[in-house]
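Have a look at the structure below before the remarks.
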Amino acid sequence: AQKVTQAQTEISVVEKEDVTLDCVYETRDTTYYLFWYKQPPSGELVFLIRRNSFDEQNEISGRYSWNFQKSTSSFNFTITASQVVDSAVYFCALSEDPTGTASKLTFGTGTRLQVTL
Amino acid sequence: DAGVTQSPTHLIKTRGQQVTLRCSPKSGHDTVSWYQQALGQGPQFIFQYYEEEERQRGNFPDRFSGHQFPNYSSELNVNALLLGDSALYLCASSPDREGYGYTFGSGTRLTVV
C-alpha cells in the first residue's frame, strides 16, 4: 500500500529564512507521481509541482525548489527567502498510475508553515 | 476560466440526516474525485467518477455515494450522518491522464451536530 509521511507537523520561521519541508513515501510500483500542494486558510489546495518516478532531476521555480531522491524515497521542498504569504499548510501526495489513467492521490498529514515578520 | 466550484461552502446538519454536496469541474476536465479532510489531517480519498461511473473507491462506508452527470459535474451524498462526518469535503477534477494532477475546489465545510 502507498503511504506518505510528513514528519514535521509545524514549522515557524522568520521572514527571509530558508525552510525545507520533508516528505518520505512508500510504494511498490515503479511508475508513480509525486505532488506538492499548498493549502492556505481559504481551504483550496493549490498545485505546486508534479514529478514522475523516472525523472529525478531537481527543480527550481523562483523561490521554490524540490529535491527528489528515489534512493531514500524522499521528495523534499525548499522555500528560499520565505515570505509571510508562504504561510499555509503544505501537503505532499503520491499517485500510482499503473493503468495510465488519472488515479487517486494519497496525501501526507501536512506541514503547517508559519512565517512571521 | 473558472476552476472547480463547489456548493454550498458551509453546511450544518443534524445526526441522522442526509446531505448532498455539489461540484462543477474545471472546463476540459472529465474526471471528478472527492476527498474528505478532517481537521488537522490530510485529505482522504472517497471515490472517483469517470464517464458517469464510480471507477475507484477509498475506504469509506456505503453511506457515502455519488453521481456524475453528462456535463461531468458531480454530487456527493452522505446518508445517516454521524458526528465523525464533520469535515471539509474537497472536490478535485482532472483530465483522464496519468499523473496529470488535480485541480481542487475550495471545499464544503460540513458540520454535523
Roughly speaking, what is the centre-to-centre gap between region A:1-74 and region B:84-113 when only Cα atoms are used, to the nearest Å? 19 Å
Once fully extended, how much extra length lies between residue A:13 and residue A:70, figured as 0.36 nm per residue of separation less the alpha-carbon to alpha-carbon distance? 17.7 nm
Counting other Cβ atoms within 10 Å, which chymotrypsin sites (Phe, Trp or Tyr not before Pro) in region A:31-65 have at most 14 and lie in a DSSP loop? A:54
Please give the Cα centre distance for region B:50-68 versus region B:1-47, rounded to the nearest Å. 13 Å
Over the alpha-carbon set of chain A, work out the extent along each principal axis and list the three values in angstrom, largest first. 46, 28, 22
If amide hydrogens are placed 1.01 Å from N in the peptide plane, which non-local residues have theirs closer than 5 Å to the one on residue A:17? A:82
For B:10-20, what's the mean count of beta carbons from other chains sitting within 10 Å of each residue's beta carbon? 0
Which net charge results when you count Lys and Arg as +1 and Asp and Glu as -1 among the other residues whose beta-carbon is under 13 Å from that of residue B:32? -3
What is the mean number of Cβ atoms from other protein chains located within 10 Å of the Cβ atom of each residue in peptide A:101-114, rounded to a whole number? 6
Given the convex hull of the Cα atoms of the protein assembly as shown, what is a quarter of its surface area in nm²? 12.7 nm²
Taking region A:1-59 and dividing mean pair separation by its residue count, relative contact order in percent (alpha carbons under 8 Å, at least six apart): 28 percent
Per q in 0.12, 0.16, 0.21 Å⁻¹, report the Debye log10 I(q)/I(0) for chain B, using one uniform scatterer on each alpha carbon and no solvent. -0.37, -0.66, -1.13
Here the net charge surrounding residue B:70, from other residues whose Cβ is less than 10 Å away from its Cβ (Lys, Arg +1; Asp, Glu -1), is -2
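A short reminder: the numbers here are calculations on the coordinates, not readings from a lab. Everything numeric in this text was worked out from a predicted model, so none of it was measured. Virtual Cβ from ideal backbone geometry, glycine too; neighbours counted across all protein chains shown.
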